[in-house]
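S.K.: The structure under discussion is supplied below as structure tokens; questions concerning it will follow.
The values are calculated or read from the model by the stated rules, or taken from the named source; none is laboratory data. Every value quoted in this text rests on a predicted model; they were computed, and no experiment measured them. All Cβ positions, even for glycine, are placed from backbone atoms using ideal geometry, and neighbour counts span all protein chains on display.
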Amino acid sequence: MTKPPVRIAVLHFAHETVTFLKNATTMDDFIYPGSPAKGEALLSSGPKSYMGGFVQVAREFDGIELVGIESPLWPRTGSGSGWVTEDAYETFVGGMIAEIRAKGPFDGIYLCLHGAMAVRGVPRPEAELARRVREAVGPRAVLAATFDPHGNEDEEFLRHADMAFTGKYFPHYDSHLQGQRAARCLIRAVRNDYRPTHATVKVPIISPTVVQWTGASPWMGLIQRALVWEAREPDAYVNVFFGFPWADVPDAGMTMQVITNGDPKLAEAIADDMSCFAWRRRAALLGSTTVHSISEGVTLAKHAVQSAGAPVILADHSDRSGYATWLLREIIAQGLSNILIATIADADAIRTLIEQGAQPGDAFDMAIGGRADASAGDPVRILGTVLTVVRIGSQTWISVRFGNGNVVVISPYLAQIMEPSTIREIGLNPAEFAVIAIKSRVHFRRGFDDSGFATTILQVEPTEPFLGTTRLDALRYENLDLRNYYPYGDPDFLQQHSG
Ligand SMILES: [Zn+2]
């Protein structure tokens with residue numbers, strides 16, 4: 001007997017919203033060549049990510065029909081923008097639901113999400129999307145989702161959806177793998193071979209992303225414990241949401257989510273174990289990374305270069321707009337040489353330079369960066385020579401040589417340089433620089449730390465508690481109370497969890 005064909009609708013809606021940024025994420029930001037995407041174009045977006053993993057494994061099964069529902073891809077601002085407007089959310093979600101109703105019935109729905117989207121007027125946007133999808137497809141369809149570990153989620157999502165699969169590593173190495181698991185379990189559930197049960201435990205820990213590197217313990221230990229559970233218990237999936245504290249939403253902070261095959265008690269036991277483990281290690285989790293002031297960091301970088309500590313990665317983790325000039329200014333003030341600063345975001349400067357037809361060799365005299373908001377500081381005047389003009393994805397980036405062997409790269413939006421290969425794409429040789437100054441929290445460790453590239457790594461942030469600060473209590477939260485989270489309050493967690 002042949003199995004009946006399985007119809008699966010595929011949706012994508014993802015953002016990591018920094019609600020403390022003033023620039024809202026609007027409809028326009030989601031609309032650009034390639035986005036929204038539908039059909040095969042949607043299914044082939046993100047081939048190395050969650051979507052690619054999902055599609056690959058779904059197509060290993062016979063009799064599967066994937067229907068790519070028109071979905072916005074990531075906004076062009078990346079994560080450098082604030083509240084998603086209700087208009088953008090309602091328009092895209094409304095369109096998806098209408099299309100699901102028109103093209104249904106479906107046996108399964110795959111929701112390719114991030115989890116840290118924040119929408120004005122919609123407290124839990126991913127759970128609300130799942131609720132509306134459930135309403136449209138009925139109780140029997142299976143809803144499976146993938147999330148980024150920075151998602152802010154609580155029990156609400158799995159009240160409407162059946163399963164979730166979250167990337168474990170930061171840097172996010174396993175997105176494709178989690179997409180694969182989502183496809184396999186979704187199809188098994190449609191065929192009654194997997195009966196998803198779950199447990200969700202909110203752990204009252206809120207941490208800045210700069211401390212969340214899973215390349216070393218205690219974060220590595222936390223992830224290892226999840227992997228051990230998955231190894232011990234067939235068909236158990238353990239999601240560790242680190243949380244994203246720059247989205248001021250009621251479900252921010254750490255969450256453990258466990259999916260099992262027809263065994264809710266096992267799901268609860270694992271979620272309990274994981275959350276108690278994290279809670280007991282909370283001081284170590286928060287204290288895993290030292291963050292220096294900008295001036296201290298630049299001085300330390302200088303000393304490192306003098307004492308065989310190069311190459312140095314100097315990372316301003318706190319710049320959320322990409323426009324911040326603090327590090328650039330300090331590098332000039334302390335007279336460092338052979339430094340690469342990548343990047344300073346400045347959309348206006350890029351536009352002007354394109355209009356002027358900037359070419360390598362042109363003299364350069366322009367004040368760049370700053371201005372976006374207080375956290376970006378003032379523009380810095382650079383006198384130098386245009387070195388390269390390159391296309392990176394759909395953007396134009398321009399590098400300028402100045403001072404004593406220094407190069408600054410200007411990009412239109414916030415760019416987290418994660419790999420030396422990106423520096424080569426800009427037309428530069430990463431080996432030529434003693435210090436590479438970047439804007440990144442943890443993602444850069446992929447190519448510069450986990451790879452063994454850098455001898456010295458220094459994380460910095462400005463002395464003032466700007467919006468990207470590790471001092472979360474300097475931010476004005478309206479939708480959560482920091483006193484309910486470690487390290488800002490003293491929640492009585494173990495009291496409620498046997499562990
Ligand atoms: Zn992330």
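S.K.: Select, from Ile457, Ile398, Ile423, Ile417, the only residue that is farther than 14 Å from Leu328 by Cβ, assigned to a loop (DSSP other than H, G, I, E, B) and among the β-branched types (Val, Ile, Thr).
M.R.: Answer to the selection: Ile417.
S.K.: Then there's this: Please give the number of the condition Thr85 fails out of (1) within 16 Å of the ligand (Cβ to nearest atom); (2) closer than 28 Å to Ala376 by Cα; (3) modelled with pLDDT of 95 or more.
M.R.: (1)
S.K.: If you scan the stretch 436-454, which residues turn out to be assigned to a loop (DSSP other than H, G, I, E, B), surrounded by 14 or more Cβ atoms within 10 Å (Cβ to Cβ), away from the ligand (no atom under 16 Å from the Cβ) and of a type outside the set (A, V, I, L, M)?
M.R.: Here is the first cut: in the stretch 436-454, the residues assigned to a loop (DSSP other than H, G, I, E, B) are 439-444, 449-454.
Filter once more, keeping what is surrounded by 14 or more Cβ atoms within 10 Å (Cβ to Cβ): 439-444, 449-450, 453-454.
The next check asks that each one be away from the ligand (no atom under 16 Å from the Cβ); those that pass are 449, 453-454.
Of everything in the stretch 436-454, those that are assigned to a loop (DSSP other than H, G, I, E, B), surrounded by 14 or more Cβ atoms within 10 Å (Cβ to Cβ), away from the ligand (no atom under 16 Å from the Cβ) and of a type outside the set (A, V, I, L, M) turn out to be Asp449, Phe453.
S.K.: Do we have any residue at all in the stretch 388-397 that's within 28 Å of Leu300 (Cα to Cα), surrounded by 13 or more Cβ atoms within 10 Å (Cβ to Cβ) and in contact (Cβ under 8 Å) with a residue 12 or more places away in the chain?
M.R.: No.
S.K.: Here's a follow-up. For the structure I just gave you, tell me whether Ser217 is of a type in the set (Ser, Thr, Tyr), closer than 30 Å to Arg320 by Cα and within 16 Å of the ligand (Cβ to nearest atom).
M.R.: Working: of a type in the set (Ser, Thr, Tyr): yes; closer than 30 Å to Arg320 by Cα: yes; within 16 Å of the ligand (Cβ to nearest atom): no.
It is false that Ser217 is of a type in the set (Ser, Thr, Tyr), closer than 30 Å to Arg320 by Cα and within 16 Å of the ligand (Cβ to nearest atom).
S.K.: Looking only at the stretch 109-125, which residues are more than 14 Å from the ligand (Cβ to nearest atom), assigned to a strand (DSSP E or B) and aliphatic (A, V, I, L, M)?
M.R.: Ile109, Leu111, Val119, Val122
S.K.: Hey, which of the helices (runs of 4 or more DSSP H) in the stretch 4-68, taking only ones fully inside, have at least 1 residues that are away from the ligand (no atom under 16 Å from the Cβ) and closer than 30 Å to Leu467 by Cβ?
M.R.: Fully inside the stretch 4-68 and qualifying: 27-30.
S.K.: Same structure again: Does the stretch 245-253 contain any residue that is surrounded by fewer than 18 Cβ atoms within 10 Å (Cβ to Cβ), closer than 17 Å to Asn152 by Cβ and not β-branched (Val, Ile, Thr)?
M.R.: Yes, the conditions are met somewhere in the stretch 245-253.
S.K.: Step by step: first the residues of the stretch 151-179, then only those that are hydroxyl-bearing (Ser, Thr, Tyr) and not in a loop (DSSP other than H, G, I, E, B), then the one that is nearest to Val133 (Cα to Cα). Which residue is that?
M.R.: Checking each candidate, the answer is Thr166.
S.K.: Which one of these is closer than 17 Å to Thr470 by Cα, of a type in the set (A, V, I, L, M) and touching a residue at least 24 places away in the same chain (Cβ under 8 Å): Val298, Val291, Val249?
M.R.: Val291
S.K.: Restricting attention to the stretch 139-179, which residues are small (Gly, Ala, Ser), within 12 Å of the ligand (Cβ to nearest atom) and in contact with a helix residue (DSSP H, G or I) (Cβ under 6 Å, 6 or more places away or on another chain)?
M.R.: Those that are small (Gly, Ala, Ser), within 12 Å of the ligand (Cβ to nearest atom) and in contact with a helix residue (DSSP H, G or I) (Cβ under 6 Å, 6 or more places away or on another chain): Gly167, Ser175.
S.K.: Here is a further query. I'd like to check which strands (runs of 3 or more DSSP E) are fully inside the stretch 231-318 and have at least 3 residues that are within 16 Å of Pro487 (Cα to Cα), more than 19 Å from the chain's Cα centre (by Cα) and among the acidic types (Asp, Glu).
M.R.: Where strands (runs of 3 or more DSSP E) fall fully within the stretch 231-318, none carries at least 3 residues being within 16 Å of Pro487 (Cα to Cα), more than 19 Å from the chain's Cα centre (by Cα) and among the acidic types (Asp, Glu).
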